[in-house]
Amino acid sequence: MPEEALIVVDMQRDFMPGGALPVPDGDRIITRCNRYIKAFMERGALIVATRDWHPENHISFRERGGPWPKHCVQNTPGAEFVVELPADAVIISKATEPDKEAYSGFEGTELAEILKKRGVKRVYICGVATEYCVKATALDAVKHGFETYLLRDAVKGIKPEDEELALRELESAGVKVL
């Protein structure tokens, strides 16, 4: 059983330039994420991909008073992955209920149970956006007892100053930034 997992956070069309809620230069990490996916597969690690999988009327949308434009709506092109995932990747859908927000891949999902059941002790995280879903997923990974690493060259934030604050917060919580 693999003792490690790669968690690819929200690498979806709507978070890329041209999407509904783009992370500036988010597309620049696609190749790096794909390289990590391939390298971790070769090591026998579990590959996990989280995704926003919102219903049409999600609470985070501006139409309902939320802060974000409509994005990553279930079964739309904007919700599609932009990375090359293996057929056996574990897909974790989050923020699937209309009235519940979820930034972390662990929030309202069975991610922790899946990882523990598969014997995972260490998780490595890449994806977008550093100061939102990446940060929340990494903090929850630590809370669930996983040795947690952030792959710095394969994450992208929205604002550089907020991204730096997030990285400091992650390090002080015990996340190792590589």
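The values are calculated or read from the model by the stated rules, or taken from the named source; none is laboratory data. On a predicted model such as this, the values are computed, not experimentally measured, just so you know. Counting neighbours? That spans all protein chains shown, and the Cβs are built from the backbone with ideal geometry, glycine included.
Checked across the stretch 130-148, the condition of being modelled with pLDDT of 95 or more, under 19 Å from residue 34 (Cα atoms) and not in a helix (DSSP H, G or I) holds for no residue. For residue 149, the criteria (1) under 14 Å from the mean Cα position of the chain (by Cα); (2) closer than 17 Å to residue 15 by Cα; (3) among the hydroxyl-bearing types (Ser, Thr, Tyr) hold in every case but one, which is (2). Would you confirm whether any residue within the stretch 11-33 is under 24 Å from residue 141 (Cα atoms), out of contact with any helix residue (DSSP H, G or I) (no Cβ under 7 Å at 6 or more places or on another chain) and free of Cβ contacts under 8 Å to residues at least 60 places away in the same chain? Yes: the stretch 11-33 contains one or more residues that are under 24 Å from residue 141 (Cα atoms), out of contact with any helix residue (DSSP H, G or I) (no Cβ under 7 Å at 6 or more places or on another chain) and free of Cβ contacts under 8 Å to residues at least 60 places away in the same chain. Number of residues in the stretch 69-108 that are surrounded by fewer than 17 Cβ atoms within 10 Å (Cβ to Cβ) and more than 30 Å from residue 118 (Cα to Cα) equals 5.
Here the stretch 1-32 is the region considered, the condition is being out of contact with any Gly (no Cβ under 9 Å at 6 or more places or on another chain) and of a type outside the set (Val, Ile, Thr), and the residue that is surrounded by the fewest Cβ atoms within 10 Å (Cβ to Cβ) is 18.
Count of the stretch 107-129 residues, restricted to those that are farther than 17 Å from residue 33 by Cβ, touching a strand residue (DSSP E or B) at 6+ places or on another chain (Cβ under 7 Å) and of a type in the set (A, V, I, L, M, F, W, C), is 4.
Filtering the stretch 71-118 to residues that are β-branched (Val, Ile, Thr), touching a residue at least 12 places away in the same chain (Cβ under 8 Å) and part of a loop (DSSP other than H, G, I, E, B) leaves 82, 83, 96, 109.
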